Amino acid sequence: MRPDAPAHLLRLPVGIDLDAARLIDRLQRELPLTDRPFSDVAAELGMTEAQVIDQLGRLLGSGVLTRFGPLFHIERAGGQFILAALQVPEARYAEVTALINALPEVAHNYRRDHALNMWFVVAAETPEAAWAACDQIEAATGLPVHAFPKEREYFVGLYLPLLARAPRLGDDSAARQPLPAPQPITLNEFDRQLIAATQSGLPLVPRPYASVAAVLGSTSDAVRTRLAELLAAGVVRRIAAVPNHYRLGYAANGMSVWDVEDAEVDRLGELIGSQPAVSHCYRRPRKAGVWRYNLFAMLHGHTRTEVLAQAEVLAKVLGPAHRAHDVLFSSAILKKTGLRLRQPTA
């Protein structure tokens, strides 16, 4: 189907017309680091700057998009992300959700169909702060926190298109080769102020970088230059929109987990991370008596059947190299805000 076909022929999700779909697809990739980036995007899409800003505001306000702005990878600046899970009694689920979601260090939280039924990501500026947040959660809930910190990243590039298919984010070619990771950098005070000013999103105004600069007492050029440097260093993955996959019709979100030989996990992780269906792929630790899997790969589809078929493709790729696998489907997004640096108290 052509991307310029009528919206009713494209079978777009309810409440998303063709212009909105084109904007969602475009802004999932990147926002330019130019003086008037919405004007530049509008020119590409045959829209006006005001239409882009208004449409983006409505998509955020309605929950079709969950975030819009810099997506931070704090580990490139010495911080840490920790994926963790709880087994929460149903009678306490709402209470525990509220306790966990109240912590600024909790960036994402999902309900998943598994005995470990709550999976969340802790993100902090230092490993010590991330582990302290896990300890705080365990003390507050009285439940064991099963932590699975990332040991190696093989691929990250979530892109959920509504129109014509495009290469995955991060792909330069069909035969993507892994590149050496950038060296971590140390955040300076301007960086911390810049992250604090943008971690909730960019302002929806014609000159968003100038608006951020005004808050910081700086200039648009300085803000855009530093964001470009943080992008090059990997501290910012990209400046883009993050969709609510349910609202885009991707109703099945499956965390596929695989038990493979530890000696082979890096080779197999690179292989699985190169597969088109995979949006995130990591090596994580096992936990004796609780968790046997050491390779994680996120899959997204319109139905669970579609995602299970994707998992079967991965199983065939791995062949006898994998001893067991499972797919943990999410049934609710409990929190999805991204990194929030804890602000110093007066």
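The values are calculated or read from the model by the stated rules, or taken from the named source; none is laboratory data. Note that the structure is predicted; figures quoted are calculated from it, not measured. We place every Cβ from the backbone using ideal geometry, glycine too, and count neighbours over all the protein chains shown.
Tabulated data for the structure shown
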{"quantity": "All positions within the stretch 117-153 that are β-branched (Val, Ile, Thr) and farther than 23 Å from Gly269 by Cβ", "calculated": "Thr126, Ile137, Thr141, Val145"}
{"quantity": "Hits in the stretch 205-222 - residues which are without any contact (Cβ under 8 Å) to a residue 12 or more places away in the chain and in a loop (DSSP other than H, G, I, E, B)", "calculated": "Gly217, Thr219"}
{"quantity": "Number of the exception - Ile82 against (1) at pLDDT below 95; (2) surrounded by 20 or more Cβ atoms within 10 Å (Cβ to Cβ); (3) within 15 Å of the chain's Cα centre (by Cα)", "calculated": "(1)"}
{"quantity": "Test: residue in the stretch 317-330 that is charged (D, E, K, R), within 30 Å of Phe38 (Cα to Cα) and not in a helix (DSSP H, G or I)", "calculated": "no"}
{"quantity": "Among (1) surrounded by 16 or more Cβ atoms within 10 Å (Cβ to Cβ); (2) free of Cβ contacts under 8 Å to residues at least 60 places away in the same chain; (3) part of a helix (DSSP H, G or I); (4) hydroxyl-bearing (Ser, Thr, Tyr) - the single one Thr225 does not satisfy", "calculated": "(1)"}
{"quantity": "Unique residue being of a type outside the set (Gly, Ala, Ser), in contact with a Phe, Trp or Tyr (Cβ under 9 Å, 6 or more places away or on another chain), over 25 Å from Leu328 (Cβ atoms) and crowded, with 18+ Cβ neighbours inside 10 Å when the list is Asp25, Asp35", "calculated": "Asp25"}
{"quantity": "Meets criteria (buried (at least 16 other Cβ atoms within 10 Å of the Cβ), charged (D, E, K, R) and more than 22 Å from Trp119 (Cα to Cα)) for Glu270", "calculated": "yes"}
{"quantity": "The lone exception for Glu264 - which of (1) more than 16 Å from Pro70 (Cβ to Cβ); (2) of a type outside the set (Gly, Ala, Ser); (3) touching a strand residue (DSSP E or B) at 6+ places or on another chain (Cβ under 8 Å) it fails", "calculated": "(3)"}
{"quantity": "Qualifying residue in the stretch 232-240 (condition: modelled with pLDDT of 95 or more, touching a strand residue (DSSP E or B) at 6+ places or on another chain (Cβ under 9 Å) and small (Gly, Ala, Ser))", "calculated": "yes"}
{"quantity": "Test result for Leu299, in the same structural domain as Val121 (by TED's automatic domain parsing), under 20 Å from Val156 (Cα atoms), part of a strand (DSSP E or B) and among the hydrophobic types (A, V, I, L, M, F, W, C)", "calculated": "yes"}
{"quantity": "Subset tally (residues that are over 16 Å from the mean Cα position of the chain (by Cα) and crowded, with 19+ Cβ neighbours inside 10 Å) for the stretch 66-79", "calculated": "2"}
